[in-house]
Structure formats: C-alpha cells, structure tokens
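See structure below.
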Amino acid sequence: MTAPTRERETEFEPVYHRYGPHRAGLPPLLPYFRELWHRRGFATEMSRAEIRGANSKTLFGQAWLVLNPLLLAAVYYLLVTILRGHHDPKVFVHLTLGLFAFQMVSHSMTSGTKSVVSAGKLLINTAFPRLLIPLSAVRTAVFHFLPTIPVYLVFHLIFLTRVWSPSMFLSLYFFGCMLLFSAGLAAFFATVQVYFRDTSSFLPYFVRIWMYLSPVLWLPENVAHFSKTVVTIIQLNPMYAMLGGYAEAIQEEKVPDVGLFLSSGLWAVAVAVIGFLFFISRERDFAVRLT
Amino acid sequence: MLSVSPDPVTDDESERSPYAVRVEDLSITYRTTFERKPTLKQTIVRFGRGERAVHVVEALKHVSFDVRVGTAMGIIGSNGAGKSTLMRAMAGILPPTTGNVEVWGKASTLLALGVGFNKSLSGRENIVLGGLASGLSRREVEERVDDIAEWTELGDFIEMPMNTYSSGMAARVGFSVAVHMRPDILMIDEALSTGDAHFREKASAKMAELRDSARAMFLISHGLGSISEMCNDCIWLDKGRLMMRGRPDEVIDAYMKYVKVKKSATTTEDI
C-alpha cells in the first residue's frame, strides 16, 4: 500500500485513503515512515514469533541461541588451529568477534531476501508498509547476535585479559553502521528476490566469498604486504571498514582511523537509502507478483 | 485532500462523507510471466527462443460503483470473477492498473480465511500477531486479546500451537480477530465456509451487529442465502466486469438465470 493520507487521528473523522494506479514510484515518504513507525510493534512481534517458532520442536529450544555461536566458534577454532599449526589466541579472539558480527550482517541479508516472498498470504491479505517485513528479519538477526556478546566476552576475558579500554565504546558506532547496512541489504535483496527468485540460491555462495574477502579469518596486517592496488581493492569492501574499525576499537585499545569511520558511515547510509527507496518504490507491485 | 465530500449528507447524523467506498473505472491487470516462478533456467531457455512469456490476466475491467455509509454489500459471481481482487483493491493491497479507489475509514480485511500467521505458535499468540497486523498498538491488542480468545470458544486449544488446529478452528481464530478490530469497513471473503453450524450462527449474529456499527460491510460468498439474508445491496461480477448492481434478491435472480442454475437448496445454502 502507499502511505495512507491520515486526515485527523480522532475517532469520528474517518481515515481517508485514495488508491490510484501505481506500479513503481515513491509514495510520500513522511507519511510512509510515520505509518511504519506506528506499526513497528508488528515487526517486533513477527520477529519474536519467528524466533520462538524456529526452535519450538527441538530438545534444546531457545538454548540454541547460545549453542549456535559456541559451536560455530568451535568449528572455526579447529579450522584455524589446524591451518596455522599452532594455537594463536589473538587470532582466535579476533576470529570470533568478526565471525559473530559478520553472521549478523549475512543473516539479515539472507533471511531478509526470502522474507517478502515467503510472507505470501500475509502480504496479499493485509495492508501495511511492506518495509516492516525485511526489517523484522533484521531484528531476528540482531536477536541471534545478542547471545554472542557474552560468549565473546568470555573469550576476551580468557585470552585478552588485559585489553580493556574506553575505545571499546567506539565499536558501537561500527555496530550501528553494520545494522543500517544490513537493513539496506535486506530491503534491496528482498525486492530483487520478488522479480528473480534465484537470488536466494546465489546468496549463500556470495556470502561465503564475501566473508573470506573480509577481515574475519585474517587480520588487516596480514594483507599489508600486498601491492597497493590489491590493498585498495580489499579496502573497497564495505565490511573491511566496518569489521576493521569494530575489531580495532574492541581489541587494539586504540581509536580507529578517521577513514574507517567515514567509509563505514558512508557505506551504511548509502546502502540503506538505496535499499529502502528501491524497496518502497516497488512494494505495491509485490502483491501483484506474489498472487 | 477531500475527507468530506461536497454532496449533501442524507441520513447520517454526523457530517461525514456519505460514501464509505467509491470505485471509479477500476481495472486490475496482472502481468505474470508464464512460469509461475521466474527462474534463471527458464529465463535462459526463453532468451534462447527469443520469446517473452508475459501473461496478461485482466482480473477487473472498468468497474465503477459507490457505496454509501451503512451498506452491507454482497459480492457474487463465479470462481475467478474478480471478487477477491476487488476486495484487495479496496483494502489497498493491490494497486489499480487504471482507475481509482477511495475509501473512507479503516478497513479490516478477512480475506482468504484461515491465514494462520505462524502455525507453530499458539492461537493466542496468533491473535496478537493478527491484531498488530491490522494496525492496532500493542496495548490495544493486549486489551482485546482475552475477548477475542474467549469469542473463538476454543477452550484450552487457544494455548496450543495452530498446527494442531482443524481448518474450521483456524477459521474461527481468523474470523474472531477480524471482527474484533472495530473496523470502519469490514471485508469478509468466504468467511463461513469452514465453520460448523454453531459457529456459523454465532458469526452471522456478529456480522449483523457489525453491519450496524461499521460504516460499510462487504461480503463475498457463494452461499447466496447468506447474501440475501445479510446484505442490503449487491453487485455481481463476471469475468472482471460489473454485470449488475441492485437489491440482493434481484441480483441473485439475474445471476441464477445467467448461470442457468435452478434455485435449489444446494445453491442457497453455504456449502
């Protein structure tokens, strides 16, 4: 639906809506986002329902929210230890930090991609700002991320006992950037998926390659010796700036470069604006495509 | 924008628009690719053959009508006549291809019943989800959730996951949610087809109550009996065209003649 024109909010004045021809194009954005905010409770409940529903038939139930990151960390610990031939605590702690954050972005993206297409009946039977659907998927990804924080802190306590500094709070900025970035990606790929259903099949491979290209399994200093062109290409990856700044703030007791702040912020805002506007401009067409 | 129309207000006590819904020259065309799901493989095969598999389905063709406040309108027609499409257009879900739809009021849609939002959640949780989907705030939902659950008469089942429900039980939940939203405009698509006799009676009573409080009600049904019983206005759609508008009995008679079905017990009852 386009954002309805709300004349007055009183009980006696009826709400007036006018629906005209509209295939692609933006509705008035202010009322749209007002309506989106008004309906945020629905996105919250959709995401909560999904989290509750997902593990309802398993023995461990909601404990999977903590088990998942633990197992993931264990698998990659084995991998990295075998590849390097020795136990390197710094690499391991960096890996878990990057891995959990990257997982949040990639989960937002992959589940956001499928969110609109799988909303099916809900979408063709109820009118609401559709952007709530991918945003709800992002919320789910964030709630899967939250239990990884204590898991990480335990590793940090064990392996980086003395690394605590106020600069850690700067990581919140980079986390915020990743969040906004994820939301933009989720909206963008959700729209693409409606028109091209193979998107969700390609994504896992894309995500995996993207992870190898991002500073998750390696540290920025590992690539410093490459030629300038290669390093520039590596740095063009939005996750390079976001994960790099995030990890530096948390693990290196220093304030990350201004360049990392700027690059992260710009990427996040640009992707969010493009993703949201692309989604909103197409969302009225979704019902037609999904019937 | 106009919220109050310049037309003189006839019978309404307030100075509201005399219309609840106005549909002007509404056409809706679905353009779908031939494959139900557009995939790369099909795309490549099609590119190779140099063809474009676009299917145009004209669901509604130049439909115009207006509905005054206080109308309970029945919508009848054969399968595929465009009834549900019309409802979705009035609810603002499907954008018109041409034409306009104007709606005065908050619409609550009860389209395609038994839409369990999440089958692994309990009936009560789905009620909350459904309420929020219709645009209520969390507090409003929490105020109503007990009434809604009570009204379904599902007893302890309301705390069980929806995948343990029969289709009739799921329909009860869906219906109960829709009628408790205090909508200005209520749209019901084949609401009573899965309920048992007791529930159907209860639902009819509830709909009659809502007909008096809501600004307008739309009822799609193949049970022509309930249309003539519940509605005071009726339109008949056939292959996307508006064939007739008038009093329910007249329209139903014309429709019966058209489809050459003798008026019998089977057609007038909700099956």
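The values are calculated or read from the model by the stated rules, or taken from the named source; none is laboratory data. These numbers were taken from a predicted model, which means no experiment stands behind them. Reconstructed Cβ throughout: ideal geometry from the backbone, glycine too, with neighbour counts over all protein chains shown.
Structure notes:
- Some residue of segment A:55-75 being assigned to a helix (DSSP H, G or I) and over 29 Å from A:Leu135 (Cα atoms): yes
- Restricting attention to segment A:52-65, the residues that are surrounded by fewer than 16 Cβ atoms within 10 Å (Cβ to Cβ) and touching a Phe, Trp or Tyr at 6+ places or on another chain (Cβ under 9 Å) add up to 1.
- With respect to the stated conditions, B:Asn118 is free of Cβ contacts under 8 Å to residues at least 60 places away in the same chain, within 13 Å of another protein chain (Cβ to nearest Cβ), crowded, with 19+ Cβ neighbours inside 10 Å and in a loop (DSSP other than H, G, I, E, B).
- Where A:His107 falls short, out of the listed (1) surrounded by fewer than 15 Cβ atoms within 10 Å (Cβ to Cβ); (2) part of a helix (DSSP H, G or I): (1)
- Residue list for segment A:1-29, filter: at pLDDT 80 or above and either among the charged types (D, E, K, R) or more than 27 Å from B:Met87 (Cα to Cα) (or both): A:Arg18
- Evaluated against (1) modelled with pLDDT under 75; (2) in contact with a Lys or Arg (Cβ under 9 Å, 6 or more places away or on another chain); (3) more than 7 Å from chain A (Cβ to nearest Cβ); (4) under 26 Å from B:Thr164 (Cα atoms), B:Ser108 falls short on exactly one condition, (4).
- Scope segment B:89-105; condition over 20 Å from B:Val69 (Cβ atoms) and surrounded by 24 or more Cβ atoms within 10 Å (Cβ to Cβ); matching residues: B:Ile93, B:Leu94
- Within segment A:132-162, the residues that satisfy the criterion of being out of contact with any His (no Cβ under 9 Å at 6 or more places or on another chain) and not hydrophobic (A, V, I, L, M, F, W, C) are A:Pro134, A:Ser136, A:Arg139, A:Pro147, A:Thr148, A:Pro150, A:Tyr152, A:His156, A:Thr161, A:Arg162.
- Extreme residue, nearest to the other protein chains (Cβ to nearest Cβ), among residues of segment B:135-157 that are charged (D, E, K, R) and without any contact (Cβ under 8 Å) to a residue 12 or more places away in the chain: B:Arg138
- Candidates A:Ser167, A:Ser182, A:Ser171: the one that is surrounded by 19 or more Cβ atoms within 10 Å (Cβ to Cβ), modelled with pLDDT under 95, among the small types (Gly, Ala, Ser) and assigned to a helix (DSSP H, G or I) is A:Ser171.
- Enumeration of residues in segment A:219-237 that are more than 25 Å from the chain's Cα centre (by Cα) and not in a helix (DSSP H, G or I): A:Ala224, A:His225, A:Phe226, A:Ser227
- Any hit, segment A:86-103, residues being within 30 Å of A:Leu290 (Cα to Cα) and either out of contact with any His (no Cβ under 8 Å at 6 or more places or on another chain) or in a helix (DSSP H, G or I) (or both): yes
- Residue ID - nearest to the other protein chains (Cβ to nearest Cβ), chosen from residues in segment A:14-55 that are under 23 Å from the mean Cα position of the chain (by Cα) and aromatic (Phe, Trp, Tyr): A:Phe42
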